[in-house]
Each structure stands twice: as structure tokens, then as C-alpha cells.
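The block underneath contains the structure these notes are about, expressed in C-alpha cells.
The values are calculated or read from the model by the stated rules, or taken from the named source; none is laboratory data. What you see is a predicted model; the values in this text were computed from it and never measured. All Cβ positions, glycine included, derive from the backbone under ideal geometry; neighbour counts span all protein chains shown. Note: areas computed on protein heavy atoms with side chains; ligands, DNA, RNA excluded. Shrake-Rupley method; radii C 1.70, N 1.55, O 1.52, S 1.80 Å.
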2 protein chains.
Amino acid sequence: MSENEETTHSATRNRLLQAALQAFGSRDYDGVSTREIVEAAEANISAISYHFGGKRGLYLATVDFLAEKLQSGMNDQLEQIRQTAEETPPDRSATLICDFLLHFLEHILLGEMGKHAPGIIFREQNQPTEAFNILYEKLLAPMHHTLALLVARYRGQQASDPASIIMAHALIGQTVIFRIGRTMLLRRLNLSAYSTANIETLKNQLRRNYLALLNSPPDPTETDIRHHAE
Amino acid sequence: MSENEETTHSATRNRLLQAALQAFGSRDYDGVSTREIVEAAEANISAISYHFGGKRGLYLATVDFLAEKLQSGMNDQLEQIRQTAEETPPDRSATLICDFLLHFLEHILLGEMGKHAPGIIFREQNQPTEAFNILYEKLLAPMHHTLALLVARYRGQQASDPASIIMAHALIGQTVIFRIGRTMLLRRLNLSAYSTANIETLKNQLRRNYLALLNSPPDPTETDIRHHAE
DNA sequence: TTGATTAAGTCAAACGATTGATTGAAATTA
DNA sequence: TAATTTCAATCAATCGTTTGACTTAATCAA
């Protein structure tokens with residue numbers, strides 16, 4: 001009762017989700033075979049149909065599993081940030097934004113999240129399926145909203161102002177590109193992998209980039225993607 | 001003689017490449033069937049083995065086809081930029097960078113390139129295969145190098161300085177995130193697609209972002225990812 | 001010009017292998 | 001006993017590839 005649905009189910013079900021997360025995280029839906037998953041999960045093939053109704057059901061459950069896993073670790077942080085932002089002067093929002101994004105960067109570069117999530121998230125962005133809704137509601141939207149809130153607070157705009165939303169998007173992009181474009185950047189730098197020293201350098205550089213963006217003057221012509229800002 | 005190899009081959013071969021580009025651009029390697037490709041290309045199944053040795057060969061040829069196609073349109077532009085940069089004072093490099101990136105943005109948002117290339121490029125970044133080398137050599141590296149050159153020139157650094165490379169990467173990331181994360185941003189803005197007005201707004205915002213990043217002070221501690229800058 | 005020869009390209013048909021899914025019995029648990 | 005879960009075996013469908021005959025076009029000797 002203290003646990004949610006997933007954990008009260010059979011152990012086989014959890015092993016399938018773990019194995020599926022690993023598989024779908026590194027390869028595409030069609031590139032993953034059900035037999036490969038059940039082998040990694042030490043389960044029988046029919047377990048997929050039994051527990052999830054089929055391969056498609058397993059994929060959706062896996063995305064939900066991933067979203068739930070990441071959400072639990074991030075929502076507390078986001079909530080805390082929103083509270084802190086309300087209690088401190090607006091100009092401190094920049095620090096909150098930087099700290100959150102740099103923490104996020106570490107997660108996608110080094111953490112467990114960085115292994116599986118990016119592949120799935122990008123694939124769903126590029127060719128959205130039902131699974132994108134799950135990712136958006138549980139992961140992308142909360143993060144995006146909180147960031148836009150802080151941006152608006154710091155820059156004296158409305159959180160619903162598209163300018164704030166675009167800026168939040170730009171800040172996120174500035175961050176995730178070092179995970180998404182990792183292969184390209186590493187090759188440019190003649191590195192085979194990020195070292196901890198590399199990541200420190202990146203964080204320093206990114207912090208300056210964040211502040212440069214946040215402190216840049218808003219559009220004087222008040223261009224608005226949907227309506228005019230109030 | 002005036003044409004290169006590709007065009008002198010059979011028409012079937014070209015139709016296969018076109019169909020394969022469309023297919024591999026929107027779906028994953030394993031998600032695309034050879035029969036689907038030959039159907040779109042109005043060719044026989046055995047044509048793939050005949051012309052490319054197999055599905056894998058067709059994929060590699062398709063990536064090369066894509067790279068070649070985009071390279072031709074970009075290399076001239078890059079070369080022109082490098083020349084212009086040498087003839088004008090360093091502080092004008094910022095304008096060159098902005099113009100190039102904004103032109104690039106339009107291409108990936110509206111142009112033919114935006115349809116197929118992003119999916120293939122990201123996939124090869126996330127799970128590199130032999131095809132990544134083709135993309136890197138013909139597309140990513142030239143663009144990255146030129147941008148780093150201009151950045152270094154504008155900021156008074158060496159083009160080989162990792163700080164310049166990282167800044168170039170950040171600028172590219174700032175741009176492509178509006179294509180990669182399109183689905184998320186559009187949902188946040190309650191839009192179904194970018195309009196030309198939207199894109200103008202984006203370009204205005206991005207130009208300010210570029211300049212903010214380019215004008216931001218370099219790292220005072222001279223942190224260097226590989227060695228110390230001279 | 002003619003007819004034979006050769007090579008290039010295309011075609012329908014079939015190959016074995018693998019795919020996701022299903023079956024009904026067996027095992028496990030309540 | 002009854003419900004849940006796991007299992008080996010098998011299903012039809014699709015996968016990438018191969019085969020050998022067929023068509024087309026170019027080449028060359030007569």
C-alpha cells in the first residue's frame with residue numbers, strides 16, 4: 001500500500017521493465033526484439049503478452065517507468081526551487097536556474113538517466129507516439145514550466161510570455177546539446193569520453209553562458225510569438 | 001563527365017536513394033523494410049542487393065548521398081564566410097556567425113534538410129555507426145571548424161582553443177534545439193507548427209542570444225579542457 | 001545491315017531466419 | 001480448490017537475401 005502499482009506486481013514484471021529500458025534506451029523500437037528483452041530479464045517470451053499485452057504495451061510501460069523514475073527525483077527539486085524563488089529576491093533566480101541546469105547536466109552526462117533517457121526522449125520528439133504524452137506530462141512540462149517561471153521572475157516578464165518560454169527552451173537546449181551532440185564534440189576535442197575535469201570546465205563555461213543569456217536585454221520591439229506581452 | 005558517379009548510374013539507383021533517404025530520415029534502420037523502400041522507389045527487391053550489396057550498403061550510401069547533398073550547399077557558404085572574415089575586422093565576425101546560424105536555422109526548420117537529416121544525424125550521434133564518420137567529415141566538422149574559427153577571431157582566442165570549440169558547439173546547440181526539441185516547444189506554445197511569423201520571432205530572439213554568448217567575458221581563470229591557452 | 005555475343009539491369013519467385021504473438025499444459029501461490 | 005504465473009512449443013507473418021530467367025542495350029564480325 002505504501003508502494004504504487006508497479007512494485008506490487010511480480011518480480012518478473014519489474015525485471016522486464018528494467019531490461020526493456022536498457023534495450024529501448026540504446027536501440028530503436030524495431031531494433032529491439034522481444035526475445036532479447038526476455039533473455040536479459042530471464043523471463044519467458046509469453047511474459048510480455050501476459051504482463052503488458054504485447055511489445056507495444058511493454059514499450060509504453062517502459063516509458064512510463066522511466067518518466068516515473070526521473071520524475072520522483074526531479075519534482076521535489078523543482079518544487080523546492082519554486083518555493084525558494086518566492087522567498088528570495090528575483091535577482092537570485094539566476095543562481096537557482098544555473099544550479100538546477102548544471103545539476104541536470106551532470107545527470108544526463110554521468111547519471112543513470114543519461115544512459116537511457118536521451119535516446120527515448122529524442123526519438124519521441126522526432127517521431128512522436130503515444131509515449132510522448134507521458135514524457136511531456138511527467139518530465140518535460142514540469143521542468144519547462146518551472147524554468148520559464150524563474151526566467152520570467154528574473155527578467156521581469158510574465159511566465160506565460162512566449163519570450164520566457166523560448167528563453168527557457170534555449171537554456172535547456174544549451175544544456176542538453178552537450179549530451180545530444182556528445183559524439184561530435186568529443187571528436188572535435190580529440191577525447192574519447194568526458195572526464196570529471198572536462199565536466200567541470202563545461203560547467204564553468206555553461207554557467208557563464210546561462211548568465212549571459214539571462215542578462216541579455218529583452219527584445220526592445222516586444223516581438224511576441226502569440227500575442228503582445230502585457 | 002560533368003556529373004559525378006551517382007548521376008551516371010541507373011535511374012533506379014537514384015530512386016532507391018531518394019526513397020531510402022525519406023524512409024531512414026523518418027524511421028530507424030530496423031524500422032524500415034527493404035520492401036517498403038523498393039515500393040516507394042518503384043523498383044524490384046533485388047535491386048538493393050544489385051546496386052548496394054544489401055540493406056546496410058544502401059543505408060551507408062544514403063547517408064553519403066545526404067551528406068553530399070548538404071555539403072554542396074554549405075561548403076560554398078562556409079568558404080565565403082571564411083574569406084569574408086579575413087577581409088573584415090574581427091568585430092564583424094559576430095554578424096557573420098549570426099547570419100550563418102540563422103540561415104542554418106531556416107534550413108532545418110523549413111527546408112528539405114530539416115525533414116530527413118536531423119533524425120539520421122541524431123541517431124548516429126546517439127549510437128554511432130560507420131555512417132557517423134561520413135556525416136562528421138562532410139558536414140559536422142567543416143561547420144564546426146568554421147564556426148570555431150570565427151568565434152576565436154571575434155573573442156581573440158585561438159581557433160584550436162577548446163574554449164572556442166565549446167562556444168561554437170554551444171552556438172550550434174542553441175540553434176538546433178529548436179528543431180530537435182520542436183515537438184516540446186510547440187506544445188508549450190500551443191502551436192501545431194512554426195509559422196513564418198513564429199520563425200521571425202525565433203530568429204530575433206536567437207540573434208540576441210548569439211550576441212549575448214559571443215560578447216560574454218571569457219573564463220578569467222583560463223580553464224582549459226585539454227591544455228592551457230597561449 | 002544483319003545476326004550473334006556479351007554485359008547490365010530488372011523481374012517474379014522462393015530461400016531460411018527471425019519477428020511478435022498464441023497456445024495449453026505445468027508450476028506456483030493463495 | 002481456484003487464481004495467478006511461468007513454461008516449451010508452435011503459429012503465421014515478415015524480414016533481408018538469393019536465385020535464375022528475362023529484357024534491354026551496346027559491341028563486333030560478317
**Message:** I'd like to check something: does the range B:177-194 contain any residue that is more than 8 Å from chain A (Cβ to nearest Cβ) and among the β-branched types (V, I, T)?
**Reply:** no
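Table: residues versus (1) among the charged types (D, E, K, R); (2) more than 24 Å from B:S33 (Cβ to Cβ).
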{"position": "A:D30", "(1), (2)": "yes, no"}
{"position": "A:A41", "(1), (2)": "no, yes"}
{"position": "A:L60", "(1), (2)": "no, no"}
{"position": "A:D64", "(1), (2)": "yes, yes"}
{"position": "A:A67", "(1), (2)": "no, yes"}
{"position": "A:S72", "(1), (2)": "no, yes"}
{"position": "A:L78", "(1), (2)": "no, yes"}
{"position": "A:Q83", "(1), (2)": "no, yes"}
**Message:** Can you tell me which of (1) more than 27 Å from A:F65 (Cβ to Cβ); (2) within 13 Å of chain B (Cβ to nearest Cβ) is the one A:A168 doesn't meet?
**Reply:** (1)
**Prompt:** Can you name the residue in the range B:203-229 that is more than 7 Å from every other protein chain (Cβ to nearest Cβ) and at pLDDT 95 or above and is also farthest from A:I177 (Cα to Cα) among such residues?
**Reply:** B:N215
**Message:** For the structure I just gave you, tell me whether B:I165 is over 26 Å from A:A148 (Cα atoms), assigned to a helix (DSSP H, G or I) and among the β-branched types (V, I, T).
**Reply:** yes
**Message:** So the check is Cβ under 7 Å with 6+ separation or different chains; which pairs have a first residue in the range B:27-40 that's among the charged types (D, E, K, R) and a second one that's within 13 Å of DNA strand C (Cβ to nearest atom)?
**Reply:** B:D28/A:D28; B:D28/A:D30; B:D28/A:G31; B:D30/A:D28; B:D30/A:D30; B:D30/A:G31; B:R35/B:I45
**Item:** Output for the range B:78-100, where each listed residue is touching a helix residue (DSSP H, G or I) at 6+ places or on another chain (Cβ under 8 Å) and more than 14 Å from B:L149 (Cβ to Cβ)
**Value:** B:D91, B:C98
**Prompt:** Can you tell me which residues in the range B:25-43 are within 11 Å of DNA strand D (Cβ to nearest atom), within 19 Å of the chain's Cα centre (by Cα) and open to solvent by less than 40 Å² (accessible area, probe 1.4 Å)?
**Reply:** B:D28
**Message:** Restricting to the range B:31-49, name every residue that is within 14 Å of another protein chain (Cβ to nearest Cβ) and not charged (D, E, K, R).
**Reply:** B:G31, B:V32, B:S33, B:T34
